[in-house]
Each structure stands twice: as C-alpha cells, then as structure tokens.
1. Determine the pairs where a residue that is without any contact (Cβ under 8 Å) to a residue 12 or more places away in the chain, located within segment 133-145, has a partner that is within 8 Å of ligand 2 (Cβ to nearest atom) with Cβ atoms under 7 Å apart, the partner being 6 or more residues away or on another chain.
2. Residue under question is S206, and the condition is that it be small (G, A, S) and more than 16 Å from ligand 1 (Cβ to nearest atom); does it hold?
3. Quick check: anything in segment 273-281 closer than 19 Å to I128 by Cβ, in contact with a Leu (Cβ under 9 Å, 6 or more places away or on another chain) and not charged (D, E, K, R)?
4. Within segment 109-160, track down each residue that is of a type outside the set (A, V, I, L, M, F, W, C), within 11 Å of ligand 1 (Cβ to nearest atom) and open to solvent by 20 Å² or more (accessible area, probe 1.4 Å).
5. Can you find a residue in segment 243-256 that is of a type in the set (K, R) and touching a helix residue (DSSP H, G or I) at 6+ places or on another chain (Cβ under 8 Å)?
6. Can you pull out every residue in segment 225-239 that is within 23 Å of V155 (Cβ to Cβ) and either within 16 Å of ligand 1 (Cβ to nearest atom) or free of Cβ contacts under 8 Å to residues at least 60 places away in the same chain (or both)?
7. I'd like the full set of residues that are surrounded by 14 or more Cβ atoms within 10 Å (Cβ to Cβ) and either in a strand (DSSP E or B) or of a type outside the set (D, E) (or both), limited to segment 204-222.
8. Is segment 22-43 home to any residue that is over 15 Å from the mean Cα position of the chain (by Cα), in a loop (DSSP other than H, G, I, E, B), among the charged types (D, E, K, R) and farther than 17 Å from M113 by Cβ?
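The values are calculated or read from the model by the stated rules, or taken from the named source; none is laboratory data. Keep in mind that this is a model prediction, so the values were computed, not measured. All Cβ positions, glycine included, derive from the backbone under ideal geometry; neighbour counts span all protein chains shown. For the accessible areas, the whole protein counts, side chains as well, though only heavy atoms, and no ligand, DNA or RNA atoms are used. Shrake-Rupley method; radii C 1.70, N 1.55, O 1.52, S 1.80 Å.
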Amino acid sequence: MSVKDYLSITPEIQQALDEGKPVVALESTILSHGMPFPENVEFAHKVEEIVRAEGAIPATAAVIGGKLKVGLTSEELDLMCRAENVGKVSRRDIPVYLATGQTGATTVATTMMIAEMAGIKVFATGGIGGVHRGAQETMDISADLQELANTRVAVVCAGAKQILDLGLTLEYLETFGVPVLGYKTDEFPAFYCRSSGFKLDRQCNSPKEIADIIYTKWNLGLKGGVIIGNPIPEEYALDFNEMEKVIAKALEDAKAAKVRGKFITPYLLAHIKDMTGGESFASNLQLAYNNARLASQIAVELSKIR
Ligand code: PSU
Ligand code: MN
C-alpha cells in the first residue's frame, strides 16, 4: 500500500487540487474535543460555508475507517461532532488509528500532515497548541510545533491560548525557523484577546502579502509551515486580566486532578468554557470564522501565484 491508499479525498476537493484551485483544510479536534454538541454541528457547517463564500473549497480532516479523510460528508461531520468513541489523534496516534480502524479527530499537527499529503497549502484553525506553562519541568510541548517545523502548510490561527506559555512558544518557533506573521497586528494574538504583549517581526496587511511570503518560503525549498496570527474581532475580544484569573484556576484544577498528556488541553478548554459560560464560546466561534475567512483569502491569492 502507498500513501495514496490511506488517503480518501472527496472528488470535489481532488478536482480543485488538480486544477490548482484554492482549498482550505479544517481540523476536527476543535469539533470533537473543543466544542459542545450540538452547537458544534452548526459551527462545522457554517465554517465550511464561509470558506465557500470566499471562493475556496473546505476540506475538513478526520481519521475514519482506516482512512485519512480529506473532506467530510454531512454524516461524517455529525459523527465528529457527537464525539462518541472519537479519539484525539496527534502524529504518533496515526498508525494506531489507521491500522485498527478507530475513529479519530485530527489536531493541528495531524491536519497539517494530512493536508500536505493531499497537496493542500492553507489551513484554518482556532488556536495552535504550544509550549505549556511549566514545560521546563513537564516537557509538555504540543506536537503542533514540531509539525510547523517540518510540514509545508500555512496555518491561520488566532494565536495561541493563554493556557500556554506564549513567550516560550514563540522562542520554540524561532528555533525551528517558523515565520510568525501578524495580520493587521504587530503582536502575537492570545486567542480570546487581541494582544499578548509579545511583538512579532512582521505585520502583514493583505492576504496577497501573506501569500507572497508563503510562496517564497516554499519556492526556496525550505521545509516547514508559516503561522498567520489573526486577532479575534474587537467586538468579541475578552479581557486579558480576567482570562488570566480563569486560566490560573483551570491550571490549578488540572494539577489537583493529575491530568496528563493529551488530556490536558481538552481538560483546560472545557474548564475555561464552564467558568466563563457562553461568552467565551461565542468568542471561540467568531475567531474561528474569522480565521476561515482569512485562510480562504490567502488560498485564493496563492492559487493566483501558482
Ligand atoms: N487550542 C485551542 N483549541 C483547540 C486546540 C488547541 O484553543 O481545540 C486543539 C487543537 O486541535 C490542537 C490541539 O492541535 O488542541 C493541541 O493539543 P496538545 O496540546 O495536546 O498538543
Ligand atoms: Mn501535550
């Protein structure tokens, strides 16, 4: 069996890729482990509609029935949203899930892997994983960062959540040669908040400018991704200091409950949601829509260059 035999790409997406049309990858962990059911069903469909409205084709990734799925049917989206017996699949889990036929939601890392295999250049998510607070002791660094170091996919995100150590996350990305571009900002966004206090080297003000940088990186033969930090729209942004309090409590609870490994991120996300109620969830939806829009615009610009 070759790589192609493991990939299951919908005919619509395959045709778009063959014709060099814009395609935007979307992850499924945000559905299965980042949002409640049934609200996530509406999100899953709406985010795809936004991509289409911008002139690109959405490609939500997942691992189902021993295949790396690129593009999900309505039934498959529903399966991911219900999240019954749906694991969280990072790079190391892929062989296990494929060989055993288990159903899994793809993280940023695995969605990037699958996107590159399929030939998709741009990917929209909410927030990337990163270096966790206290990683000096725990060594908890998301596999998302290694993927960004190695895999040629541009990732549009609202930065990374404050649950992480944003400073160390940026240091790590610098070490591994991953450009971090700010869209209409000169700071790395902090998911619910527009700014983090961490300055970026480059502010870009148009999708075209971002597409040119992405194209140049890969045209040079450089491996790895590009991060585009797209701040949450002003009207949905939450207060940084308020969030800091919520996160401190969530981290304390996680420690007391001895949560480890891949369960830490979903645990913290669920706790934050419970503590902040509907407000943070509404923000989460809006920033993800905002990222899907920008990612589509970048994909459209990239398709004009190639
Ligand atoms: N950050 C968020 N929401 C999410 C995730 C991260 O704000 O849903 C998910 C993404 O799928 C990301 C994964 O790739 O969590 C990172 O998990 P870990 O920290 O275990 O690598
Ligand atoms: Mn981890």
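1. T138/H132
2. The answer is yes for S206.
3. Within segment 273-281, one or more residues are closer than 19 Å to I128 by Cβ, in contact with a Leu (Cβ under 9 Å, 6 or more places away or on another chain) and not charged (D, E, K, R).
4. G127, D140, S142, Q146
5. Within segment 243-256, one or more residues are of a type in the set (K, R) and touching a helix residue (DSSP H, G or I) at 6+ places or on another chain (Cβ under 8 Å).
6. Once the filter is applied, which keeps residues that are within 23 Å of V155 (Cβ to Cβ) and either within 16 Å of ligand 1 (Cβ to nearest atom) or free of Cβ contacts under 8 Å to residues at least 60 places away in the same chain (or both), segment 225-239 yields G225, I227, I228, G229, N230, P231, I232, P233, E234, Y236, A237, L238.
7. Passing the criteria: C204, P207, K208, I210, A211, I213, I214, Y215, K217, W218.
8. There is no residue in segment 22-43 that is over 15 Å from the mean Cα position of the chain (by Cα), in a loop (DSSP other than H, G, I, E, B), among the charged types (D, E, K, R) and farther than 17 Å from M113 by Cβ.
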